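Q: Pasting in a structure now, in structure tokens, and then I'll have a few things to ask.
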Amino acid sequence: MLLETPLWRQTPPAAFPVCLGFMSLALGWTNASHVMPEISEDIGHLLLAASTGYFIWFFVFYLRKVLSRPKVMLEDMQTAPARAGIAAMAMAMMLLAAALLLPFGISVPLVWWTGVILQIIASIVVLHAIWDEPPEKRHFTTFQYLTFVGPVVGPIAGVPLGYVWESKLLIDAALVAYVIVTAGIILTIRRDPVPDKLRPSVMIFLAPLCLFALGYGTLGYDTAFTVFYWVGSVVAFGLIFLVPWMTRGGYTPVWGAFTFPIAAFLNVQVMAVAKGHGLWAEVGVYAGLVIGTPVVLYMVYRTVMEWVTGDLSRKSGAATA
């Protein structure tokens, strides 16, 4: 069936959290093969190529959509999941410098800086959108972790590229935002229960903990790494029991929130193995691979299929250029 509107005009931000999860999974497989020789490096390289192409595909289409009618981005910002999608796009760009380029000895600082600048722009646009909302509609959500805590991804590629103090600045700013957003979310949840269709977003609680561990571990702050690593591991274990509750409302594009937290958990377990945390970390790596790979690949497939039919745009409420 031919769509009345070209696909590029209705490219939804909901695709980018899945892009972020796909690239993170690929990076996890690649790094896991470096610390655990029994894991195939070829799988990681294959996933790196596939995830990079996947991200660039949606990024180019969304860029074309915005360039054709710039105001469409503000229209996309009407919902919290869409705002998170824009932030995930910037985070994926920063991760691109680490996931595709660095493993092959290619240093392209411009890619990293593009991601940093996009993250700043996304934060400003979201703040503007929140400011324009009526006070009764302003709520803290886990989606805001991507928008305001997203710079935590910076050190993963920033440190190897030589941007050490810039990486410290990014992660420290992210930590301040994390404390504020977390406090706001706790107060909001106590007052307003999470709607059924947004319950998968609770999984995002895991992502910043793992990313802070990765960031501080990359910067060489081993104590901070250990604290976030163990807190993240405990939270991950607890979230396993909430999966039936999170999926009770049936499939929606918000299920993309399952992808990048699981992939972040995998990557932090890989770093823990490299830092000598032993058997528990090795078990975590295998758990991340066994659980994360089918979950992420399923969402990669479903996102493409629903984008092609226009369902992804419709279900996520994306604006049309």
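The values are calculated or read from the model by the stated rules, or taken from the named source; none is laboratory data. Everything quoted here is computed from the prediction, not taken from an experiment. Note: ideal-geometry Cβ built from the backbone for every residue, glycine included; neighbour counts use all protein chains shown. When the accessible area is computed, the model is the full protein with side chains, heavy atoms only, and any ligands, DNA or RNA have been set aside. Shrake-Rupley method; radii C 1.70, N 1.55, O 1.52, S 1.80 Å.
Q: Filter the DSSP H helices in the chain by two things, a Kyte-Doolittle mean of at least -0.5 and an axial alpha-carbon span of 30 angstrom or more, and list the hits by number.
A: 15-35, 41-68, 109-132, 164-191, 279-309
Q: Mind giving me the FRET efficiency for S40 and R248? R0 is 51 Å, r the Cβ-Cβ distance, nearest 0.05 is fine.
A: Values: r = 36 Å, r/R0 = 0.71.
E between S40 and R248, to the nearest 0.05, is 0.90.
Q: By average Cβ neighbour count within 10 Å, what is the ranking of 41-49, 169-177 from highest down?
A: On the way: 41-49: 16.8, 169-177: 18.3.
Sorting 41-49, 169-177 by mean packing, highest first, produces 169-177, 41-49.
Q: Probe radius 1.4 Å, ligands and nucleic acids left out: which of F22, F61 has the largest accessible area, and how do the rest follow?
A: Working: F22 10, F61 45 Å².
Largest accessible area first, the list is F61, F22.
Q: Rounded to the nearest 500, what is the 222 nm mean residue ellipticity of the chain from helices alone, with -39500 (n - 2.57) per DSSP H run of 4+ residues and division by all residues? Numbers along the way, then the final one.
A: Numbers: 14 runs with 223 residues, N = 321.
About -23000 deg cm²/dmol.
Q: Same structure, new question: On a C-alpha basis, how far is the centre of region 230-282 from the centre of region 3-43 in Å? Whole number, if you could?
A: 16
Q: So, in nm, how far is label A173 from label R190 when the simple model puts each one 7 Å beyond its Cα toward the Cβ?
A: 3.1
Q: If you place +1 on the Cβ of every Lys and Arg and -1 on the Cβ of every Asp and Glu, how big does the dipole about the Cα centre of the chain come out, in debye to the nearest 20?
A: Details: 18 positive and 17 negative charges, 142 e Å.
Its charge dipole is roughly 680 debye.
Q: Among Y286, Y163, Y301, determine the one that fluctuates most according to a GNM of the chain built with springs between C-alpha atoms less than 10 Å apart.
A: Looking only at Y286, Y163, Y301, the biggest GNM fluctuation is shown by Y301.
Q: On the protein heavy atoms, probe 1.4 angstrom, tell me the percent of accessible surface of region 50-200 carried by carbon and sulfur. Mind dumping the intermediate values first?
A: On the way: 5240 of 7150 Å².
Taking all protein chains in place, region 50-200 shows 73 percent carbon and sulfur surface.
Q: Can you match semi-axes √(5λ) of the Cα gyration tensor in Å to one of these, (1) 47, 19, 17; (2) 28, 22, 20; (3) 33, 21, 19, based on a calculation from the structure here?
A: (2)
Q: What accessible area per residue, rounded to a whole number of Å², is obtained for the chain using a probe radius of 1.4 Å? Could the numbers behind the result be given before it?
A: Values: 14140 Å² over 321 residues.
Here the residues of the chain average 44 Å² of exposed surface.
Q: May I pose another question? Which aspartates and glutamates have a Cα less than 14 Å from the Cα of K315, not counting those fewer than 8 places away in the same chain?
A: D76, E306
Q: Determine how large the accessible area of S201 is when every protein chain is in place; take a 1.4 Å probe and give Å² rounded to the nearest 10.
A: Approximately 10 Å² of S201 is accessible to the 1.4 Å probe.
Q: Additional query: So for region 164-321, averaging the separation of alpha carbon pairs under 8 Å that are six or more residues apart and normalising by length, what relative contact order in percent results? Walk me through the numbers on the way to the answer.
A: Working: 126 pairs, mean separation 36.0, N = 158.
Relative contact order comes out at 23 percent.
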